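Asker: Dropping a structure here in structure tokens format, bear with me for questions.
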There are 2 protein chains.
Amino acid sequence: MPQADPDRSVFRAIADPTRRAILDRLRLGPAPVNELAAAFSQSRPAISKHLRILRELNVVSEQKYGRERLYRLEPAELKDVADWILPYRDFWQASLGNLKSYLEQE
Amino acid sequence: MPQADPDRSVFRAIADPTRRAILDRLRLGPAPVNELAAAFSQSRPAISKHLRILRELNVVSEQKYGRERLYRLEPAELKDVADWILPYRDFWQASLGNLKSYLEQE
DNA sequence: ATAATACGTATCCATTTGGTTACGTATTAT
DNA sequence: ATAATACGTAACCAAATGGATACGTATTAT
């Protein structure tokens, strides 16, 4: 039984590098699909599919303006990622601390 | 031409919920494979495959102790996730701020 | 020496993923 | 009215993913 429940979390949204790049672009401000697609060496429908996933996982929202669709960053769900990663912070800070004291031994 | 370059980033490591759970467990301390596998309703080889991916993406390390393999969290790569998510923080804080002032208008 | 344990790996399989081209539709330009 | 633009979606496809079972090997227990 391969995979009963497909992952609906925001982690799937950011798993793909193209989708991360789209989000990075949207951080600068809303953009229509064509502008987003122009930045990648992929077909526009491919970008549309990525946008659909981002939409369904509520990481972006869409607004119709004439024949364009403005895509806008909806960062609320991304907070889940930040929340998940947070407890790990102590670990790499500890490691960096160890490295620091190791270097200072020289 | 579907996908020239497979994603080797840490984002792939944390894309799968089982792997995130493994990492969460390892935050409490190193563990042998059987203990990790016991926590999931998956076969041990399935967990071994997840561990291999986590190993290859340098999110965990393996150390042989007798016939056991101790897996340990290696959080350095996870910092990339934290670094990536960081700039988005301003956005959801802004949204929460807006909500707050909206509520205070009442 | 033999059996049991703790793994990793090989093989196989169904599903998902991420891409493509072809096409349909709403909106704007001519 | 007709053409062009800006999309979304459908159909299709190869590769990747995540699972299972079967098996091999090193280590420990008997």
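The values are calculated or read from the model by the stated rules, or taken from the named source; none is laboratory data. If you're wondering where the values come from, they're calculated on a predicted model, not measured in any experiment. Glycine also receives a Cβ, built like all others from the backbone with ideal geometry; neighbour counts cover every protein chain displayed. Heads up: the accessible areas ignore ligands, DNA and RNA and are worked out on the full protein's heavy atoms, side chains in. Shrake-Rupley method; radii C 1.70, N 1.55, O 1.52, S 1.80 Å.
Asker: Has region B:15-29 got any residue that is within 11 Å of another protein chain (Cβ to nearest Cβ), near DNA strand C (Cβ under 9 Å from one of its atoms) and either at pLDDT 95 or above or touching a strand residue (DSSP E or B) at 6+ places or on another chain (Cβ under 9 Å) (or both)?
Answerer: Yes - at least one qualifying residue is present in region B:15-29.
Asker: Another one. Given the condition of a type in the set (Asp, Glu) and closer than 20 Å to B:Trp92 by Cα, answer yes or no: does some residue in region A:11-30 qualify? Steps first, answer last, please.
Answerer: Pass one, region A:11-30, residues of a type in the set (Asp, Glu): A:16, A:24.
Those left that are additionally closer than 20 Å to B:Trp92 by Cα: A:24.
Yes; the residues of region A:11-30 include at least one that is of a type in the set (Asp, Glu) and closer than 20 Å to B:Trp92 by Cα.
Asker: Right, next: Do you know which of the residues in region B:36-59 that are within 10 Å of DNA strand C (Cβ to nearest atom) and among the hydrophobic types (A, V, I, L, M, F, W, C) is farthest from the other protein chains (Cβ to nearest Cβ)? Even if it seems obvious, please write down each step before you answer.
Answerer: Restricting attention to region B:36-59, the residues satisfying the condition of being within 10 Å of DNA strand C (Cβ to nearest atom) are B:36-38, B:43-52, B:55-56.
Keeping just the survivors that are among the hydrophobic types (A, V, I, L, M, F, W, C) gives B:36-38, B:46-47, B:51.
Values: B:Leu36: 17, B:Ala37: 17, B:Ala38: 20, B:Ala46: 10, B:Ile47: 15, B:Leu51: 18 Å.
In this case the residue turns out to be B:Ala38.
Asker: OK, next. When the residues of region B:3-17 are narrowed to those that are open to solvent by less than 20 Å² (accessible area, probe 1.4 Å) and assigned to a helix (DSSP H, G or I), which ends up farthest from DNA strand D (Cβ to nearest atom)?
Answerer: This residue is B:Val10.
Asker: Give the residues of region A:43-82 that are near DNA strand D (Cβ under 7 Å from one of its atoms), surrounded by 14 or more Cβ atoms within 10 Å (Cβ to Cβ) and in a strand (DSSP E or B), sorted by residue number.
Answerer: A:Glu62, A:Arg69
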